[in-house]
Amino acid sequence: MLDITPQDWRLKAASLKFRSQAFINGKFTDSVSGKTFDSINPATGAVLASVAECDATDVDLAVAAGRRAFEDRRWSGMAPGDRKTVLLKLADLIRVNVEELALLDCLDMGKTITDASTIDAPGSAYFFQWYAEAIDKVYDEVAPTGPGNLALVRRVPLGVVGAVVPWNFPLDMATWKAAAALAAGNSVVLKPAEQSPLSALRLAELAAEAGVPDGVFNVVPGYGETAGRALGLHMDVDCLAFTGSTATGKRFMEYSGQSNLKQVWPETGGKSPNIVFADCGDLDAAADMAAFGIFFNQGEVCSANSRLYVERSIKDALVEKLIARAQGMQPGDPLDPASKMGAIVDEKQTQGIMRFIDHGKASANLVTGGERVQINGKGCFVQPTIFSDVAHDNPLARDEIFGPVLSIIPFDREEEAVTMANDSIYGLAASVWTDDLSRACRVSDRLNVGTVSVNTVDALSAQTPFGGMKQSGFGRDLSLHSFDKYTALKTTWIKYKL
Ligand code: NAD
């Protein structure tokens, strides 16, 4: 796919057909109100599609369809091997349509076509395959209750799962929720972010083509305050899986308390520290990965390594290497495979990032970047930006910017680095660079985060749980632990005569 030229991608993009209606009960349908909202390409400002604007009425219809499907067991009652076959077919269909799905995310939220076509879309296929394969390999338990008793402890699907996801990895965030929830036998009502609804709608269509029965996978595009809130407050949604900001995660906890005490699994923001010790044996690798850790996906990554703590004796050498890396990652046309960074998702996010950068210019040492730029005279693009000598209490080092902005903070002692790294409301991820195994273990033990990457950044796989501590939330996506969210433990206790 890397040999496709920018011109080819542009031609493919021009011939794309966008699915813009809601997907409810196996069919594309307008919102009941008839209202739509525009999906805009942040690289050009062009309107891609007018998308159905769902509200509480449409959410009711989708939840009712999901409930009907769950109660008549058309999916939850299917033999595990059959459910597996359907989801494996969906994984295959995603692979067949990988260019189209990649283009949808690229156009809708500005990520580069290279990342979308080599990471996001193939990743979605892989995650569906991984959960499909797990369906008939996870066993339940028999409890040790003694003679005359047989106590079965089984994982059973919950019913209707609401999934509300952000725009930074539109297809993959939808997949992380839907693949595990569907594999467990639930019905799903997915609300994609209003900035990036297009790939989720196509995914629902592919799911139907693969054989996911009507009503089992529904997609309701719309705004958070209306469609998202309606799902959160719905009396017939059993579980709400959320990925997004910490503020919205807190709202979902409130919605649950105000409605039916549905399970809420928030996976929220981050401000991940990356600690580079002087005994790191490969400073070039540390620089490469530090740059990747903050500039990949334009820095719009929940676990972005946005705080770099560097031991003072190697600070100047590392900063020099980082400047070179940043300068080689200037934003470009997302449809050009040579572009290392694409567009920021929208005008609002771009302005928010620039406010942080302007504050940084007045309060820290800007070493590279710092400007908003245009590509072909248009769009929302921000240069990869690095501030060094950032004070630990500077908002640059404390707040989630969700853009390509790195704050470098020097330290002198291990203890000081650990204390500063942990001094955050967030606890999603952290990285540590050292060749001293004892130090790697000691520091990893003390970092209060969901994932510590040693001598790499952002380590992630289908096999390992992903999620945070503190105000990064407590839900876990990926791995078999994701089934903890989408199943209840049910005990059936049978007495028999000895
Ligand atoms: P957001 O919280 O604004 O929106 C996320 C989703 O919630 C969207 O679908 C939105 O429509 C909906 N929403 C917004 N307000 C709502 C409300 N009042 N009621 C109900 N629903 C509402 O977040 P965002 O700006 O789309 O995404 C960026 C955030 O997502 C960052 O904080 C990032 O760290 C986080 N994120 C976390 C993870 C993780 O796994 N922990 C992964 C990706 C992104």
Looking only at segment 49-63, and only at residues there that are closer than 18 Å to residue 196 by Cα and among the charged types (D, E, K, R), the one that is surrounded by the fewest Cβ atoms within 10 Å (Cβ to Cβ): 55
Single residue of 122, 147 found to be under 30 Å from residue 496 (Cβ atoms) and surrounded by fewer than 22 Cβ atoms within 10 Å (Cβ to Cβ): 147
For segment 455-465, check the following and say yes or no: at least one residue is within 16 Å of the ligand (Cβ to nearest atom), part of a strand (DSSP E or B) and surrounded by 20 or more Cβ atoms within 10 Å (Cβ to Cβ). no
Do the conditions hold for residue 242, that is, is it within 16 Å of the chain's Cα centre (by Cα) and within 16 Å of the ligand (Cβ to nearest atom)? yes
By residue number, the members of segment 124-142 that are touching a Leu at 6+ places or on another chain (Cβ under 8 Å) and of a type outside the set (Phe, Trp, Tyr) are 124, 129, 132, 133, 134, 135, 138, 140, 141, 142
Residue 169 versus (1) within 16 Å of residue 227 (Cα to Cα); (2) buried (at least 24 other Cβ atoms within 10 Å of the Cβ): which is the lone unmet condition? (1)
Matching strands (runs of 3 or more DSSP E) fully within segment 138-180 where at least 1 residues are farther than 30 Å from residue 270 by Cα: 141-143, 149-157
Residues that are of a type in the set (A, V, I, L, M, F, W, C), free of Cβ contacts under 8 Å to residues at least 40 places away in the same chain and in a helix (DSSP H, G or I), drawn from segment 258-317: 283, 287, 314, 317
If I filter segment 126-149 for residues that are within 15 Å of the ligand (Cβ to nearest atom), of a type in the set (Val, Ile, Thr), more than 30 Å from residue 260 (Cα to Cα) and not assigned by TED's automatic domain parsing to the domain that holds residue 400, do I get at least one hit? no
Residue within segment 237-256 that is surrounded by fewer than 21 Cβ atoms within 10 Å (Cβ to Cβ) and in a loop (DSSP other than H, G, I, E, B) present: yes
Failed condition for residue 199, given (1) closer than 24 Å to residue 484 by Cα; (2) buried (at least 21 other Cβ atoms within 10 Å of the Cβ); (3) small (Gly, Ala, Ser); (4) within 16 Å of the ligand (Cβ to nearest atom), with all others met? (1)
If a residue counts only when it is without any contact (Cβ under 8 Å) to a residue 12 or more places away in the chain, which strands (runs of 3 or more DSSP E) contained entirely in segment 5-86 have at least 1 such residues? 47-52
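The values are calculated or read from the model by the stated rules, or taken from the named source; none is laboratory data. Worth saying up front: this structure is predicted, and the values here are computed from it rather than measured. No Cβ is skipped: glycine too gets one built from the backbone with ideal geometry, and neighbour counts run over all protein chains shown.
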